[in-house]
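To start, the structure itself, in structure tokens.
The values are calculated or read from the model by the stated rules, or taken from the named source; none is laboratory data. No experiment lies behind these values; they were computed from the predicted model shown. Neighbour counts run over all protein chains shown; Cβ positions are idealised from the backbone, glycine included.
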Amino acid sequence: MSIEAVFIKGKRKYIFCSDEYGSRVLSSVFEHVKKEKLAYEWYHFSAEKREWLEEFLSKQKMGTFLYVVLPYSELYTVQMMAKRIGFSSDETQYIGYGEKWISIFCCRCHELNRAEEQQTELTCHQCRLKLEVSDHYSELHHAFLGYPATG
Amino acid sequence: MKWTGDLAHFPYPFKDSTYRYSNNSIPMKQPLSIEVTPSYKKEMLLKRKLLSDHPERCYQSLLHSMTGQWEIVELVIDHLVSKYPQDFSVKKENNSWIFTNKILDEKIEFIFGEKNSLPCEPLFFISQHVQEDLIYMRQRDDNLYLDAGQLCFPANWSLAFNIGMKFKSIHHPIPGFKEEGLDQRILQFLMRLEAGTPWERLNWSLMAGDRLDTSLETFDQWGRLRKQVTSENAGELVHIRVEVQKLFRLPRTNSILFSIHTHLLALEQLATNSEWVQQFYEILSELPAHIIEYKGISNYKKAVLEYLEKQLQQVKTL
């Protein structure tokens, strides 16, 4: 995941997907695209419009390049969505901002809990089981497995 | 659920006096994905209750697994009917199938390949007729993915968490598995599996209690028994848990059916065979710490060893 958007030349079309803050991060690349009169489209992201994004991205043709700038809390969902649709890592740039956190899958009730990156223990907010954060990771859930705490 | 059959038929898992993780798969003599044991009715009752009460925990599937699920239905029904014709039958007219389970007195009519002809997904349906847990691994992009599964009797893992995972990621928690390169070797072995040449292996662990359902989700219910084991009660309380794991290549989808039949034997039953006691004592005494830890035996290894020692002394004084 990059921290600064970089213009990638030679693409058929450019998609910019971001919220208001993200549009500022993408402004230099956007100016470049405009200046060279290349095809582009903006998708102004909001959590409510997440479902439509899937439909929007699914309609794109080969040769489309995707820029996404969103808070970390939304970025992974969009990243997984784009991957599912068929965007490869060579056709995308993802930039996250804001508080970085990880998801912990509760082994008892399957609830996803939010935790800080360095956190090793937590209590599941749904079933109240004390969990130990493991390094067992699921790409599908985008979460680490929380085992019952033994201590 | 304790072993009620003839001890001679128990899938005793050891050959040597030491144990390490390995690819101990062997070609199957009888290429059958299933086995019906004397506890069939009891286990089906338990399995169906678990599937109905905890569907998310016991059943998971991804959309693209449907063709593979039908392949499993075909394979399992064919095996049931050919091995146990007195208990199972199937009538196929084009795609109209009538499957009869005489043990449970059930007759199911469906159109093979048509999902809506069954009240549930095909894998869910067939898993209600076999004691085995059934895992569907799809091969693509030079890898294996857990794309569907019915798992009622897991040895402390979560199907709901592992769904969609690659082979190596599934085995990530096993200490030493990656470091020793076993994950890559076994993955390669599995990807070379050929249709018509199934393999099987035995996996074992110890557990306090006699529950078949030792899911990670219910660890807080069954895991606490580990602290109650003493050398006095180990014979009754502690069980050796053996999984008969079978691997079948499904040619249409180039995927793999992984069936797991779990058996439990109380140590006091194991102790009736003096050679087994001696061998198991040697294995447990020598077992490396990381395997002891992963198999969850740390809390009561000492108590079990004391129990086995007593049994061995009794044999010597006879």
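Determine, yes or no, whether B:SER117 is within 28 Å of B:ASP53 (Cα to Cα), surrounded by 15 or more Cβ atoms within 10 Å (Cβ to Cβ) and of a type in the set (Gly, Ala, Ser).
Yes; evaluated as a whole, the condition is true for this residue.
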Worksheet item: If you check B:SER52, B:SER65, which single one turns out to be in contact with a strand residue (DSSP E or B) (Cβ under 7 Å, 6 or more places away or on another chain) and either assigned to a helix (DSSP H, G or I) or buried (at least 18 other Cβ atoms within 10 Å of the Cβ) (or both)?
Response: B:SER65
Fill in: Count of the range B:38-57 residues which are in contact with a Phe, Trp or Tyr (Cβ under 9 Å, 6 or more places away or on another chain) and at pLDDT 95 or above
6
Worksheet item: For residues in the range B:28-49 being within 16 Å of the chain's Cα centre (by Cα) and part of a helix (DSSP H, G or I), which is surrounded by the most Cβ atoms within 10 Å (Cβ to Cβ)?
Response: B:LYS47
Worksheet item: Checking A:VAL68 against (1) more than 14 Å from every other protein chain (Cβ to nearest Cβ); (2) in contact with a strand residue (DSSP E or B) (Cβ under 9 Å, 6 or more places away or on another chain); (3) part of a loop (DSSP other than H, G, I, E, B), which single condition isn't satisfied?
Response: (3)
Worksheet item: Across the range B:268-277, which residue is surrounded by the fewest Cβ atoms within 10 Å (Cβ to Cβ) among those that are of a type outside the set (Ser, Thr, Tyr) and over 24 Å from B:CYS152 (Cβ atoms)?
Response: B:GLU275
Discussion item. Tell me the residue from B:LEU104, B:LEU123 that is within 18 Å of B:MET44 (Cα to Cα), assigned to a loop (DSSP other than H, G, I, E, B) and either within 14 Å of another protein chain (Cβ to nearest Cβ) or not polar (S, T, N, Q) (or both), please.
Written reply: B:LEU104
Worksheet entry | Some residue of the range A:89-103 being closer than 30 Å to A:GLU121 by Cβ, modelled with pLDDT of 90 or more, in a loop (DSSP other than H, G, I, E, B) and not acidic (Asp, Glu) | no
Discussion item. So the check is Cβ under 8 Å with 6+ separation or different chains; which pairs have a first residue in the range B:177-188 that's assigned to a loop (DSSP other than H, G, I, E, B) and a second one that's not acidic (Asp, Glu)?
Written reply: B:PHE177/B:TYR21; B:PHE177/B:HIS171; B:LYS178/B:LYS168; B:LYS178/B:HIS171; B:LYS178/B:HIS172; B:GLU180/B:TYR21
